[in-house]
1. On C-alpha positions alone, give me the angle between the axis of helix 8-26 and the longest principal axis of the chain, in degrees, nearest 10.
2. For A38 and T78, FRET efficiency with R0 = 45 Å and r from the beta-carbon atoms, rounded to 0.05?
3. Out of I187, I35, I179, any idea which swings most in a Gaussian network model of the chain, alpha carbons joined below 10 Å?
4. For the chain, with a Gaussian network of springs between Cα atoms less than 10 Å apart, report the residue from V185, V111, V60 with the top mean-square fluctuation.
5. What stretch of the chain, leaving out the sites themselves, is the longest with no trypsin sites (Lys or Arg not before Pro) in a DSSP loop having at most 16 other Cβ atoms within 10 Å?
6. What number comes out for the charge environment of I209, summing +1 per Lys or Arg and -1 per Asp or Glu over other residues with Cβ under 15 Å away?
7. Can you tell which of L42, I65, C18 lies farthest toward the positive end of the dipole of the stretch 1-84, using +1 and -1 charges on the Cβ of basic and acidic side chains (Lys, Arg; Asp, Glu)?
8. Using 7 Å Cα-to-Cβ label points, what is the L21/F46 separation (nm, one decimal)?
Amino acid sequence: MRISPYGSGSVAKTAMFCAALFIAGLLLPEPGCAIVSATALLYLAFTLYFYRDPERSVPVHPDIIIAPADGKILLNQTVDHPMTGPGSTLVSIFMSPFNVHVNRIPMEGRVVDLRYHSGKFLMAFDHRSMSDNERMEIGLETPAGTIWFCQVSGFLARRIVCKLEKGDQVKTGNRFGMIKFGSRVDIFLPASVEVTAPIGMKTLAGETILGRAKSF
């Protein structure tokens, strides 16, 4: 199982903590020994599971936009956005603690804007989190026009990892970061994109198609 490099430090620290806890548990009388040792193993197992980073089969069609995150679509609505223009579509993906949390590029292009905002830690399924929570906003110039997407922290997610820099040329499906623990990713698509992903749909980052450019 591949572990994301974005979480390698956390995994190493957790492994050391769990090893110490497991050894300490062996010194306790029963049932304390079994409880502490089992807790250490379960915590380590969940950490490894959370930071997993499976390979994905990225579609090769140049006109498609793919999901930047694993999860479930909470919103699919028409909005006016200052960066993507009138008649844009907002697609919001909620990521539970059990989803893969590695984020991927939705369409090839060039990174033209990066904006970090400190903020609150509302529950990720609360739509106020889009504007109130800590988040990283990313502007991407693509063949379909400007795409704007946001890594949004949640109640448990207290660290956003984004390895992008302005001017980076990126390809569809490239890994670029992650959000640690439950969170959401919002993506604003211009009117030039026909969005086909409905509310309630489960997504896989790098695989699930959200829409296609109407003219390409």
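1. Helix 8-26 and the main axis of the chain meet at about 20 degrees.
2. On the way: r = 50 Å, r/R0 = 1.12.
After rounding to 0.05, the efficiency reads 0.35.
3. I35
4. V60
5. Numbers: sites that count: R2, R128, R158, R159, K163, K166, K171, K214.
The longest such stretch corresponds to 3-127.
6. Values: positive: R56, R104, K202, R212, K214; negative: D63, D70, E108, E194, E207.
For residues surrounding I209, the net value is 0.
7. C18
8. Using points 7 Å along Cα→Cβ, the separation is 0.9 nm.
Every number in this text was worked out from the coordinates using simple rules, so none of it is lab data. What you are looking at is a predicted structure, and each value in this text was computed from that prediction instead of being measured. Cβ atoms come from the backbone with ideal geometry, glycine included; neighbour counts cover every protein chain shown.
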